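A.B. asks: Structure below; questions to follow.
The values are calculated or read from the model by the stated rules, or taken from the named source; none is laboratory data. Worth saying up front: this structure is predicted, and the values here are computed from it rather than measured. All Cβ positions, even for glycine, are placed from backbone atoms using ideal geometry, and neighbour counts span all protein chains on display. We work out accessible area using only protein heavy atoms, side chains counted, and drop any ligands, DNA or RNA first. Shrake-Rupley method; radii C 1.70, N 1.55, O 1.52, S 1.80 Å.
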Amino acid sequence: MKYVRLGNTNLLVSEFCLGTMMFGGKTGPDESVRITQRAVEAGVNFIDTADVYNEGRSEEYVGRALQGIRDRVVLASKVGMRVGAGPNDMGISRFHIVRAAEASLKRLATDRIDLYYIHWPTKAMNLDEMVRALEDLIRQGKVLYPAFSNFPAWLFTRSLWLQELLGYAPMVAGQYPYNLIE
């Protein structure tokens with residue numbers, strides 16, 4: 001397996017990433033565990049999931065699959081999409097980010113999320129609130145690297161500027177050199 005730097009970090013990830021969007025949907029628990037463990041045995045050390053994938057079951061199945069091998073992988077998850085009926089069960093408010101991270105950690109049965117993506121930007125977003133919430137999760141050891149998914153370049157750049165100004169850990173930047181396995 002070939003390993004490459006993840007964006008602007010020194011973190012090495014496999015050139016293939018196991019995407020788990022179907023886990024908990026078309027892919028049941030036993031098959032999810034088998035696929036994940038087989039990928040790790042083949043050298044894949046990058047696994048991607050999200051709190052919204054199949055109502056959180058994807059994270060649950062990934063958590064089961066990583067029992068005993070958690071430290072062999074870089075685990076990515078995402079926050080921001082609607083995960084409940086309440087007005088704060090979505091978005092990128094501090095309230096939602098912190099609650100969602102805690103829920104993801106529980107479902108993933110781990111103490112940290114290695115790469116935590118903000119899934120989508122929102123029309124009414126407060127970048128300062130978002131980066132402060134992510135920085136607090138980093139300082140608590142619950143998140144190692146913050147990142148964006150589906151964000152325009154100008155908004156990514158503005159966030160990097162704000163994080164630099166405040167002395168916070170920057171969003172993972174750069175071209176992501178992996179192919180998703182679904």
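A.B. asks: Taking amide H positions as placed in the peptide plane 1.01 Å from N, state which residues far from Met81 in sequence (5 or more) or on other chains have amide H under 5 Å from it.
C.D. replies: Those qualifying (amide H under 5 Å, at least 5 residues apart or on another chain) are Gly91, His119.
A.B. asks: How would you classify region 78-182 from its alpha-carbon gyration tensor, with a ≥ b ≥ c the square roots of the eigenvalues: rounded for a/c under 1.5, else prolate if a/b is greater than b/c, otherwise oblate?
C.D. replies: Judged from the Cα gyration tensor, region 78-182 comes out rounded (a/c under 1.5).
A.B. asks: If you consider only alpha-carbon coordinates, what radius of gyration and Dmax does region 94-155 have, in Å?
C.D. replies: 11.6, 35
A.B. asks: What's the longest uninterrupted piece of the chain once you rule out the trypsin sites (Lys or Arg not before Pro) that are loop residues per DSSP with at most 15 other Cβ within 10 Å?
C.D. replies: 124-182
A.B. asks: Helix 153-166: angle to the longest alpha-carbon principal axis of the chain, degrees 0 to 90, nearest 10?
C.D. replies: The angle comes out near 70 degrees.
A.B. asks: For Rg and Dmax of the Cα atoms in Å, the choices are (1) 16.0, 53; (2) 20.0, 83; (3) 15.6, 47; which was calculated from the structure?
C.D. replies: Checking each listed value against the structure points to (3).
A.B. asks: Given the -39500 (n - 2.57) contribution per DSSP H run of 4+ residues, what per-residue ellipticity at 222 nm results for the chain, rounded to the nearest 500 deg cm²/dmol?
C.D. replies: Counting only the DSSP helices, I get -11000 deg cm²/dmol.
A.B. asks: Considering all projection directions equally, how large on average is the shadow of the alpha-carbon convex hull of region 1-91, in square nanometres?
C.D. replies: Convex hull of Cα atoms, orientation-averaged projection: 6.5 nm².
A.B. asks: Counting only heavy atoms of the protein chains, get the accessible area per residue of region 41-182 (1.4 Å probe) and round it to a whole Å² value.
C.D. replies: So region 41-182 comes to 49 Å² accessible per residue, rounded to a whole number.
A.B. asks: Tell me the carbon and sulfur percent of the accessible area for region 93-171, rounded to whole percent, probe radius 1.4 Å.
C.D. replies: Carbon and sulfur: 56 percent of the exposed surface of region 93-171.
A.B. asks: Here's something else I'd like to know. Taking every DSSP beta bridge that has both residues in the chain, what percent is antiparallel when rounded to the nearest 5?
C.D. replies: Just about 15 percent of them are antiparallel.
A.B. asks: Something else: With a point put 7 Å past each Cα toward its Cβ, work out how far Gln140 is from Glu55 in nm, to one decimal.
C.D. replies: In this crude label model, Gln140 to Glu55 measures out at 2.6 nm.
A.B. asks: Would you mind checking Lys2/Lys26; Lys2/Lys106; Lys26/Lys78 for any pair whose Cα atoms are more than 26 angstrom apart?
C.D. replies: Lys2/Lys26; Lys2/Lys106
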